Amino acid sequence: MHLRILPLLCDPATGEALSIEITRQDGDEVIEGVLVSPAGNCYPIRNRIPRFVEPEVFESVRSFGDQWNHFNYVDFKQNWLDHTVRNTFGSTEAFRDRVIVDCGGGSGSQSLWMLEAGAREVIMLELSHSVDDVVARNIENAAWPNFTVIQCSIDQPPIRQDAIDGIVICHNVIQHTESVEKTARALFGIVAPGGEFVFNCYRAGKAGLLTFIKNRLTYGPLRRAFRDASFERILAYSRLMGLLRLVPGIGKLTNKLRLSLTGKVPRLSEESWLDHKRRIYRQTVLNTFDMFGSHSYQHQIPDATLRALVLDLQPDAGRIGNLEPYFTRPQPTGIALRVRKG
């Protein structure tokens, strides 16, 4: 943990400022120590990472930690650029010289890509044990003095209210928290005037026969069946769906019925037919595993409910980027809402 971010932190239980007791440090980076609040709450810093949760808490998201440790996601930068960046921000210039809080950072790949795009500071919040595995592997050969990892729950972020005048981003994560509304309000709360909260959430399907089939006959029953399944069992299923996705007609049908999930995989310039098929397979395996992983929560929010929440956070619709494009169907891949405070 870099000492310069200490003024941004607070006790997530009380909101109070934290003091620090350092056991070991390297320059301005604290390797081991403890953060202490006036209320007497203590939060250890271990291996450079402030820990605001006990092991039994992040065990509840072990599926995600196993997922990121296995898949990493580092090979999907082009997808991130083509979808999340282009459809939400326009270009990576949105990150330049900004302080960014990456909420639910997973493997750390998105955080690193934003740093590469010129972000001034990135603070990654992640609950799972990926912080001690894949994240460490991804940053071990890169010198990023402006990157800090914090292990915490994003519905109770250990960051002061109105502290972040840059971007608080929560992409493809908020639906996996206990309450989408609670988490959205907590994360919007740490945004300073002039900053923005960027997020998306799984959408509920439109009422109709296909939605009924998915909820009652395909996705719904499978989701319940996999709720307590092992990592290996879900991975084996996801690999099978990855292979079926390559079968003409069958693959698209499995996606349509939500037996699997691929997303768009545009063919890259000078990419061979075989390499493109390999990327389709890998992305299907990853997205299918993510969809059926044995995590506790996976909310799908009706458009009207999410629109009402966003307009409650920011009543001035002119300060909400992507408001109308977000609610179109088909939705632009990777698009997120940009809720500006001020």
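Just so it is clear, none of the values below were taken in a lab; they were calculated from the coordinates. Fair warning: this is a prediction, and the values are worked out from it, not measured in the lab. Cβ coordinates were reconstructed from backbone atoms using ideal geometry, including for glycine residues, and neighbour counts include every protein chain displayed.
Among DSSP bridges having both ends in the chain, what percentage is antiparallel? Round to the nearest 5. Mind dumping the intermediate values first?
Details: 22 of 42 bridges.
Antiparallel bridges make up about 50 percent of those DSSP assigns within the chain.
Report the relative contact order of the range 209-292, percent, no decimals, based on alpha-carbon pairs under 8 angstrom and at least 6 residues apart.
Values: 86 pairs, mean separation 30.4, N = 84.
Relative contact order for the range 209-292 comes out at 36 percent.
Hey, rough spin-label estimate for TRP144 and GLU324, points 7 angstrom out along Cα→Cβ, what's it come to in nanometres?
Label-label distance for TRP144 and GLU324, simple model: 3.6 nm.
Given R₀ = 41 Å, what would the calculated FRET efficiency be for ARG223 paired with VAL36, taking r from the Cβ atoms and rounding to 0.05?
On the way: r = 42 Å, r/R0 = 1.02.
It comes to 0.45.
Cut-off under 14 Å on the C-alpha distance; same-chain residues fewer than 8 positions from LYS206 excluded. Which aspartates and glutamates are left, in chain and number order?
Filter leaves ASP303.
Determine the distance separating the Cα centre of the range 288-342 from the Cα centre of the range 1-42; give it in Å without decimals.
Rounded to whole Å, the Cα centres lie 33 Å apart.
How much length is gained on full extension from HIS2 to LEU243, taking 0.36 nm per residue of separation minus their Cα-Cα distance? Kindly include the intermediate steps, with their values, before the conclusion.
On the way: separation 241, 0.36 × 241 = 86.76 nm, distance 4.45 nm.
The span from HIS2 to LEU243 would gain 82.3 nm if fully extended.
If you look at just the Cα atoms of the chain, how large are its Rg and its Dmax in Å?
Looking at the chain, its Cα Rg and Dmax stand at 20.1, 62 Å.
Work out which helices of the chain, taken as complete DSSP H runs, extend at least 27 Å along their axis over the Cα atoms and score a mean Kyte-Doolittle of -1.0 or more, then list them.
Qualifying helices: 273-292.
Between the DSSP loop rule and a limit of at most 10 other Cβ atoms within 10 Å, which trypsin sites (Lys or Arg not before Pro) in the range 202-256 are left? Let's see the in-between values first.
Working: sites: ARG203, LYS206, LYS214, ARG216, ARG223, ARG224, ARG227, ARG233, ARG239, ARG245, LYS252, LYS256; in loops: LYS206, ARG227.
Answer in residue order: LYS206.
Could you tell me how far the Cα centroid of the range 99-133 sits from the Cα centroid of the range 191-242, in Å?
When both Cα centres are located, 23 Å separates them.
With 16 Å as the cut-off, how large is the P(r) tail for the range 209-292, expressed as percent of Cα-Cα pairs? List each step's numbers first, then the result.
Working: 1820 of 3486 pairs.
In whole percent, the long-distance tail amounts to 52.
Treating only the Cβ of Lys, Arg, Asp and Glu as charged (+1, +1, -1, -1), what charge dipole size does the chain show about its Cα centre? Round to the nearest 20 debye. Mind dumping the intermediate values first?
On the way: 40 positive and 38 negative charges, 395 e Å.
With only Lys, Arg, Asp and Glu charged at Cβ, the dipole is about 1900 debye.
Restricting to DSSP H runs of at least four residues, report the calculated mean residue ellipticity at 222 nm for the chain, -39500 (n - 2.57) per run over all residues, nearest 500 deg cm²/dmol.
Working: 12 runs with 111 residues, N = 342.
-9500 deg cm²/dmol, from helical runs alone.
Where the only charges are on Cβ atoms (+1 Lys, Arg; -1 Asp, Glu), what is the dipole of the range 209-292 about its Cα centre, to the nearest 20 debye?
320
What does the charge count around PRO302 come to, taking other residues whose C-beta lies under 11 Å from its C-beta (Lys +1, Arg +1, Asp -1, Glu -1)? Please report the intermediate quantities before stating the final value.
On the way: positive: ARG203, LYS206, ARG307; negative: ASP303.
Its environment carries a net charge of +2.
Given ILE250, THR288, LEU235, which one lies farthest toward the positive end of the charge dipole of the range 209-292, if we put +1 on the Cβ of every Lys and Arg and -1 on the Cβ of every Asp and Glu?
Highest projection toward the positive end goes to ILE250.
Once you list every other residue whose beta carbon is under 10 Å from the beta carbon of ALA184, what net charge do they have if Lys and Arg are +1 and Asp and Glu are -1?
-1
Could you give the nm distance between label points at LYS77 and LYS182, where each point is 7 Å from its Cα heading toward the beta carbon?
Going by the 7 Å Cα→Cβ label model, 3.8 nm.
By a straight-distance test (C-alpha under 24 Å), which lysines pair with LYS182 as possible cross-link partners, with residues fewer than eight away in the same chain excluded?
LYS341
If I model a spin label at ILE250 and ALA17 as a point 7 Å from the Cα along the Cα→Cβ vector, what separation in nanometres do I get?
6.4
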